[in-house]
Amino acid sequence: MNGSSHRLCAASILRGSLLALAVAMGGSLTESAQAQGVTASLNHQMTGTIVDEAVQRMSASLTEESGGDIKINVFSRGEMGGERDMFDLMQSGAIEMGVTGSVIVSAIAPEYGPLDAPYLFSSPEHLHKVMNGEVGAELRDAILERKGIRIIGRMDRAPRHVTTSGKAVRKPEDLQGIKIRMREIPVQVQAFRLLGASPVPMAFGEVYTALQTGVIDAQENPLDIIMGTSLNEVQDTIILTGHVREVQWLVVSELWWSNLSEEVRAKIQSAADQAMQWGQEKVYAADSNYLEQARSSGMTIVELSPEELSAFQAAVADLPKQFEGQWKKGLFERIAEQAPN
């Protein structure tokens, strides 16, 4: 059994144990924690990134300002499970807090799938306008109602790019037949099929070895993940496709949150607001730094012209038709219309 298999097995056992404990004890864990101070687990898979540093700062701030009464233990390598497993554990109260990206949309509110569509958001300003408006509010309400997961903060995630082992992709045809690792997000998997690639849904923990052994040829991620998890050791070319803009949500289990006192909730919310604001101010500057790190490490950077990017956008233009009946009627158009002039 390889390292990835060991980790997956251990994570599966841990998830089962936590879920069983939560079911057996119900609300007593929350009530006990409330009486003796608050200790919570925050799970995510983005170690070494700006959002990781933001939640680490939040944790340290809460511990200091509460005199140790509020402790948030951050697990930044997904030690408590991948995102989809984490949602189930949060619903039961076995995990109190987490950070998630686009996967939460496809997993819980798939009719909001246009939010994950490549090349829909034209800029950070476009993304903010939608997330701060009616669409963002509707999504938050749907996730809370269906899964008992409350969104208490968010910050941008830098754009996602494609990496390969030496192939300079400049047009959709250059992706023909390339096996590329994708997240299990239907619209993004289908988009890369339209671009000519062969998408391979795969847990992120398996990506490094899969690239190293040739099981897959390419992957796509923001630069912080590419450099922060050493994918530059097994890929040597970054194509700046910028195909997805998305946010990262700071989420809490409503079962846990609703049993906290108003005072504790206010302290956590304030620390979360400050942490996410700090992260928002850092994320794009950090992205530029990661690009320079990639160059310095010897990676080839392929910058696409506006005309080349337009060809990728045109190749996925049929996505709304392909998801007709699955997406909320008119949502894609509502989002597109909010692009700044």
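The values are calculated or read from the model by the stated rules, or taken from the named source; none is laboratory data. Fair warning: this is a prediction, and the values are worked out from it, not measured in the lab. Reconstructed Cβ throughout: ideal geometry from the backbone, glycine too, with neighbour counts over all protein chains shown.
Mind listing whichever residues of the range 110-124 are under 22 Å from Glu307 (Cα atoms) and in a helix (DSSP H, G or I)?
First, pick out the residues of the range 110-124 that are under 22 Å from Glu307 (Cα atoms): 117-124.
Across the range 110-124, the qualifying residue is only Pro124.
A residue that is touching a strand residue (DSSP E or B) at 6+ places or on another chain (Cβ under 6 Å) and of a type in the set (A, V, I, L, M, F, W, C) occurs somewhere in the range 300-317.
I'm trying to understand the selection: among the residues of the range 186-239, which are among the charged types (D, E, K, R), surrounded by fewer than 18 Cβ atoms within 10 Å (Cβ to Cβ) and in contact with a strand residue (DSSP E or B) (Cβ under 8 Å, 6 or more places away or on another chain)?
Kept after step one, since they are among the charged types (D, E, K, R), are these residues of the range 186-239: 193, 206, 217, 220, 224, 233, 236.
Filter once more, so that each one left must be surrounded by fewer than 18 Cβ atoms within 10 Å (Cβ to Cβ): 193, 233, 236.
Scanning the range 186-239 gives Arg193, Asp236.
Examine the range 62-80 for a residue that is surrounded by 14 or more Cβ atoms within 10 Å (Cβ to Cβ), modelled with pLDDT of 95 or more and assigned to a helix (DSSP H, G or I), and state whether such a residue exists. Yes: the range 62-80 contains one or more residues that are surrounded by 14 or more Cβ atoms within 10 Å (Cβ to Cβ), modelled with pLDDT of 95 or more and assigned to a helix (DSSP H, G or I).
Taken over the range 123-173, the residue count meeting the criterion of being under 19 Å from the mean Cα position of the chain (by Cα) and polar (S, T, N, Q) is 3. The single condition among (1) modelled with pLDDT of 95 or more; (2) under 23 Å from Ala336 (Cβ atoms); (3) among the aliphatic types (A, V, I, L, M) that Val38 does not meet is (2). The condition of being assigned by TED's automatic domain parsing to the domain that holds Gln56, loosely packed, with under 15 Cβ neighbours inside 10 Å, among the polar types (S, T, N, Q) and in contact (Cβ under 8 Å) with a residue 40 or more places away in the chain holds for only one of Ser297, Ser270, Ser261, Ser253, that being Ser261.
A quick yes/no check of all residues on (1) of a type in the set (Gly, Ala, Ser); (2) touching a Ser or Thr at 6+ places or on another chain (Cβ under 6 Å):
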site: Leu211; (1), (2): no, no
site: Ile225; (1), (2): no, no
site: Asn232; (1), (2): no, yes
site: Leu240; (1), (2): no, no
site: Glu254; (1), (2): no, no
site: Ser261; (1), (2): yes, no
site: Tyr290; (1), (2): no, no
site: Gly298; (1), (2): yes, no
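Could you tell me whether any residue of the range 131-145 is of a type in the set (Lys, Arg), more than 25 Å from Lys321 (Cα to Cα) and in a strand (DSSP E or B)? Taking every residue of the range 131-145 in turn, none turns out to be of a type in the set (Lys, Arg), more than 25 Å from Lys321 (Cα to Cα) and in a strand (DSSP E or B).
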